[in-house]
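*Asks:* Take this structure first; my questions come after.
No lab work stands behind these numbers, since they all come straight from the coordinates. Note that the structure is predicted; figures quoted are calculated from it, not measured. Cβ sites come from the backbone with ideal geometry, for glycine too, and all protein chains shown count toward neighbours.
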Amino acid sequence: MNLAFLFVLSLIFSSFFICLTSRFCENKPLFSIRSYCFYCNHKLSFFTLIPIFSYIFLKGKCKYCLKGIPKINFLAEIIGVFLLPFSLYASKIANFSFIFFSLFLFMLFSLSLIDLKLKAVPNLILWLSFIIAFCVNYDIDFIFNACLCAGFLFLLKNFISFLKSIKSKDIQENLGDADIIIMASISGIFGFKFAFWVLFLACVLALPFFFFVKKIAFLPFISLNLIVYFLFLEIYK
């Protein structure tokens, strides 16, 4: 498959999923005919819809009302460019289904964006991601590794809650149910050891943010470290 075409296709898909997640977070109709500005409701022209470049040329503002376009969308488009190339690379190495693994990555991409904006994720997309993950690596090992990881994280979550309850009645759990389901999906695809290291690296990366923000979105850290750790293993194997 032509690599340039794959990058362009990845950019188009990522832009589409960014649009859907933005509409979901703003409680807008998901599948209206034309894209529009959430501030002035003006329908956007073709030029203003070109991913990455339109943000640069418009200087991060709506062409019509001059309201700022969220920087997270621009950053997400840049990251999204690499999802399909990474999926193709990983699928060839690990003998995965390219289509299902790509779908899983874009589901994870969407969940991360929603988690960043709402600090919560919809159950429908969450469980759809788990089902797609099963299709990536559909064998008995998936069930075993997914259950092993979910059980481990469930015990860890409750143990942390127990330790906190000793000092305070106000319990805030570090691991949410969404994180457990996604980690179980990753464990099912790549194995428990891989998932453990992804979780560990995500915790290390997220730790500094706890000093500045009381509640953070953890799924983006998991998503990022899934890719980083996979590439690390391939480079240094």
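*Asks:* Fewest Cβ neighbours within 10 Å first, please rank Ile186, Ile79 accordingly.
*Replies:* So the residues, fewest neighbours to most, are Ile79, Ile186.
*Asks:* Where does the chain land at 222 nm, in deg cm²/dmol rounded to the nearest 500, when only DSSP H runs of n ≥ 4 count, each adding -39500 (n - 2.57), divided by all residues?
*Replies:* Values: 10 runs with 160 residues, N = 237.
-22500 deg cm²/dmol, from helical runs alone.
*Asks:* What are the residues whose amide H is under 5 Å from the amide H of Tyr36, where those residues sit 5 or more places off or on another chain and H is modelled from the backbone?
*Replies:* Here Leu44 satisfy the definition.
*Asks:* Hey, got the dipole for segment 1-82? About the Cα centre, +1 on K and R Cβ, -1 on D and E Cβ, debye to the nearest 20?
*Replies:* The dipole magnitude comes to about 320 debye.
*Asks:* Then there's this: Which angle from 0 to 90°, rounded to the nearest 10, does the C-alpha axis of helix 123-136 make with the longest principal axis of the chain?
*Replies:* In the chain, helix 123-136 runs at an angle near 70 degrees to the longest axis.
*Asks:* Considering only Cα-Cα distances, which of the following residue pairs are longer than 26 Å: Lys61/Lys215; Lys28/Lys214; Lys61/Lys117; Lys92/Lys117; Lys157/Lys215?
*Replies:* Beyond 26 Å between Cα atoms: Lys61/Lys215; Lys28/Lys214; Lys92/Lys117.
*Asks:* Just rank Asp115, Asp177, Asp139, fewest to most, by other beta-carbon atoms within 10 angstrom.
*Replies:* Arranged by neighbour count, lowest to highest, Asp115, Asp177, Asp139 become Asp139, Asp177, Asp115.
*Asks:* Could you state the angle between the C-alpha long axis of helix 140-167 and the longest principal axis of the C-alpha atoms of the chain, as a value from 0 to 90 degrees rounded to the nearest 10?
*Replies:* 80 degrees
*Asks:* Something else now. Show the residues, 5+ positions off or on another chain, whose built amide H is closer than 5 Å to the amide H of Leu58.
*Replies:* Residues meeting the criterion, in which the H sits 1.01 Å from N, do not exist here.
*Asks:* Residues of segment 52-73 with amide nitrogen under 12 Å from the 7 Å Cα-to-Cβ point of Lys28?
*Replies:* Flagged as within label range: 62, 69-70.
*Asks:* Treating the beta-carbon of each Lys and Arg as +1 and of each Asp and Glu as -1, no other charges, what is the dipole magnitude of segment 58-144 about its Cα centre, to the nearest 20 debye?
*Replies:* Its charge dipole is roughly 760 debye.
*Asks:* Applying the Karplus parametrisation 6.51 cos²θ - 1.76 cosθ + 1.60 with θ = phi - 60° to the phi angles of segment 84-90, what ³J(HN,Hα) value in whole Hz is obtained for each residue in order, glycine and proline being reported as x?
*Replies:* Going residue by residue, I get 5, x, 5, 4, 5, 4, 5 Hz, with x marking Gly and Pro.
*Asks:* Compute the helix-to-body angle for 219-236: its Cα long axis versus the longest principal axis of the chain, expressed 0 to 90° and rounded to tens.
*Replies:* Helix 219-236 and the main axis of the chain meet at about 80 degrees.
*Asks:* Let me ask you something else. Which value, in debye to the nearest 20, gives the size of the charge dipole of the chain about its Cα centre, when Lys and Arg are +1 and Asp and Glu are -1 at the Cβ?
*Replies:* 960 debye
*Asks:* Could I ask something else about it? For the chain, just say rounded, prolate or oblate: build the C-alpha gyration tensor, square-root its eigenvalues into a ≥ b ≥ c, call rounded for a/c under 1.5, and beyond that prolate if a/b exceeds b/c, oblate if not.
*Replies:* It is oblate, given that a/c is not under 1.5 and a/b is not larger than b/c.
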